[in-house]
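Engineer: First the structure, then my questions, so here it is.
The values are calculated or read from the model by the stated rules, or taken from the named source; none is laboratory data. All values derive from a computational prediction rather than experimental measurement. Glycine also receives a Cβ, built like all others from the backbone with ideal geometry; neighbour counts cover every protein chain displayed. Accessible surface is based on the protein model in full, side chains and every heavy atom, while ligands, DNA and RNA are left aside. Shrake-Rupley method; radii C 1.70, N 1.55, O 1.52, S 1.80 Å.
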Amino acid sequence: DDSGQPLKHRRLRNDPVVGPLWQHAAHLEFIKLVEQHKNMHFINKSQIPHGRTVSYYNPQCKIKNGLYRVRGTVGGNITDFTGERSAYTADQTTFKILTQHCVSAGWKFSTADISDMYLHTVLDEPEYMWISKSDIPDETWQHFDLDRYCAPGEARIAVEITGGIYGLPQAGNLAQRKLIALLARHGYVQTNTTCLFKHKDGKPILFTLTVDDFAIAYLGDEDEKLYAALRTEYPLKVDPLGKKYCGITVQFSADRSYVDLSMPGYVQHALRQLNVTVTRPEHSPERYMPKTYGSKQPQKPTEDTSPSLNEAEVKRLQSIVGIFLWYARSIDGTMLGTVNRIASRQANPTKNVLAMAEHMMQYAGTYPDATLRYRKSDMILRADSDASYLSEANARSRAAAYIFLGNRDPTFHNHPIECMSSIITTVVTAASEAEYASTFLTGCIAYPLRQTLEEMGWPQPPTNITTDNKTACGIANRTTKMKRSKAMDMRWHWIRDKVDQGEFTVHWRAGKHSVADFLTKAHPSSHCREQRYLY
């Protein structure tokens, strides 16, 4: 398996063919932790302070790029540590905006990552851990003469941890604080957008930080200056062409007029992992049930009376949602509404929900290599909002948004930097109320993106949100008088205030031109084929 996915260590170490390779990889990890970085050392169990919680060693195995890798981690989150644990990362939308900045401003793009960033920190207080003798290769036992620390008949050995190791709850926070302090000493400061950095003197460089991975937009030799600063403390791997970032493949056109983001092979690997074979082409992510036209009443979803899932089926459903939700958010927005509908039904999963997930995987296999293409633009934030009234169980409605960066020409289209498809938690009393709620939720997503764009040097005019409901549009623009709207009064008039302040405009557009409509409900295959190019 060369997928980079975790493998079961205890099964591999005794394999007659590859066991010796895994044992040597495990030995090299002990050398790294004990000798190279000196993050832990072996001790007698009597040296563990009285009353201290002791965790356990949990080695993680992967084969990646043909190499056998074992990463030593602390298991179980068993610790006495009570301090700050959180470490923050740049979200995907910030990264997507950064790549479009490079296309639209003519900047260069590269990526870099720090090797073993967590291992370059010192703990404020030691931690303690048991390591099973069966997890220690003979080569390691002899190298460190571990008979000194383990009495005959004992099945485990103790270690004291004094530096950052993967699995410690504080390791991420400590590593990030150290890195941010280093960056600050060299003039790189974090903006108000989480993990988006710029130089305090206005030098032409911007970068996002996801744990130890950098996506860098720059001019001149500003990238080299950043690398030099990082190399004062860390080993660094650099890709000057920036071909990949956090699992996403980045490909700029020869003339730099557009950039493509994709995840080639992700769907194929996911289907193999889930033991799925594409037996028929599916052109819609979800089975479409035709409407009864002419009805004046909202068409509520049919009650699901199919049998509940057993434990194995529930785990399969959870795996499907986890794997494809990441892909839908990252690359293929056409699947987002369906994945979210499946996820919202996981609390009481049934055979119909699992069948819905299996259908979605056939669709994913039909279109396995989706690509987001961002073309050169004026970097003006635009949003399309839509809602489906009473389309979900328990009298709930669904809101959707399609957000992209365009030109002053409203007909210009770019692929989305953010899609939203979520249930409106409040029970709304009319379609107009659902549409107004969706406009509010769309504005909540778009508002911080305005700040991100301004921090990158793209001041924004009022952000236009389109809706296909004239009542919702009128309420936002104060051209429609409301009578019974308590839910609106209490929850959603923020968007109207932002219109008053000149930060948003809300315009009506006919429903047949709504891009976000695709994310609110199931559609026939013919419509899905027409809409795929937009996503």
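Engineer: Considering only the stretch 189-229, state which residues are outside any strand (DSSP E or B) and either more than 22 Å from Gly106 (Cβ to Cβ) or under 23 Å from the mean Cα position of the chain (by Cα) (or both).
Structural biologist: Thr191, Asn192, Thr193, Thr194, Cys195, Lys200, Val211, Asp212, Ala228, Ala229, listed by residue number.
Engineer: Out of Thr99, Thr73, Thr94, which single residue is more than 24 Å from Ala228 (Cα to Cα) and open to solvent by less than 10 Å² (accessible area, probe 1.4 Å)?
Structural biologist: The match here is Thr94.
Engineer: Hey, another quick one. Can we say Asp147 is in a loop (DSSP other than H, G, I, E, B) and open to solvent by 50 Å² or more (accessible area, probe 1.4 Å)?
Structural biologist: On the way: in a loop (DSSP other than H, G, I, E, B): no; open to solvent by 50 Å² or more (accessible area, probe 1.4 Å): yes.
Here the answer is no, as Asp147 does not meet what is asked.
Engineer: Among the residues of the stretch 322-339, count how many are crowded, with 21+ Cβ neighbours inside 10 Å and not small (Gly, Ala, Ser). Before you say what the answer is, go through the steps one by one.
Structural biologist: Residues of the stretch 322-339 that are crowded, with 21+ Cβ neighbours inside 10 Å, as a first pass: 324, 328, 331-339.
Now narrow it down to the ones that are not small (Gly, Ala, Ser): 324, 331-332, 334-336, 338-339.
Count: 8.
Engineer: For the stretch 150-168, what are the residues that are assigned to a strand (DSSP E or B), open to solvent by 10 Å² or more (accessible area, probe 1.4 Å) and touching a Lys or Arg at 6+ places or on another chain (Cβ under 7 Å)?
Structural biologist: Arg156
Engineer: Would it be correct to say that Ile475 is free of Cβ contacts under 8 Å to residues at least 60 places away in the same chain, surrounded by 19 or more Cβ atoms within 10 Å (Cβ to Cβ) and more than 18 Å from Lys521 (Cβ to Cβ)?
Structural biologist: Yes, satisfied.
Engineer: Separate question: Filtering the stretch 230-270 down to residues that are of a type in the set (D, E, K, R) and under 20 Å from the mean Cα position of the chain (by Cα), which residue is nearest to Leu179 (Cα to Cα)?
Structural biologist: Once the filter is applied, the top-ranked residue is Lys244.
Engineer: Being surrounded by 15 or more Cβ atoms within 10 Å (Cβ to Cβ), of a type in the set (Val, Ile, Thr) and touching a Ser or Thr at 6+ places or on another chain (Cβ under 6 Å), is that true of even one residue in the stretch 340-349?
Structural biologist: Looking through the stretch 340-349, none of the residues is surrounded by 15 or more Cβ atoms within 10 Å (Cβ to Cβ), of a type in the set (Val, Ile, Thr) and touching a Ser or Thr at 6+ places or on another chain (Cβ under 6 Å).
Engineer: When Glu35 is evaluated against the numbered criteria (1) modelled with pLDDT of 75 or more; (2) outside any strand (DSSP E or B); (3) touching a strand residue (DSSP E or B) at 6+ places or on another chain (Cβ under 6 Å); (4) of a type in the set (D, E, K, R), which criterion, by number, is the only one it fails?
Structural biologist: The number of the failed condition is (3).
Engineer: Turning to a different aspect of this structure: If you take the residues in the stretch 275-286 that are modelled with pLDDT of 90 or more and not β-branched (Val, Ile, Thr), which one is farthest from Gln362 (Cα to Cα)?
Structural biologist: Asn275
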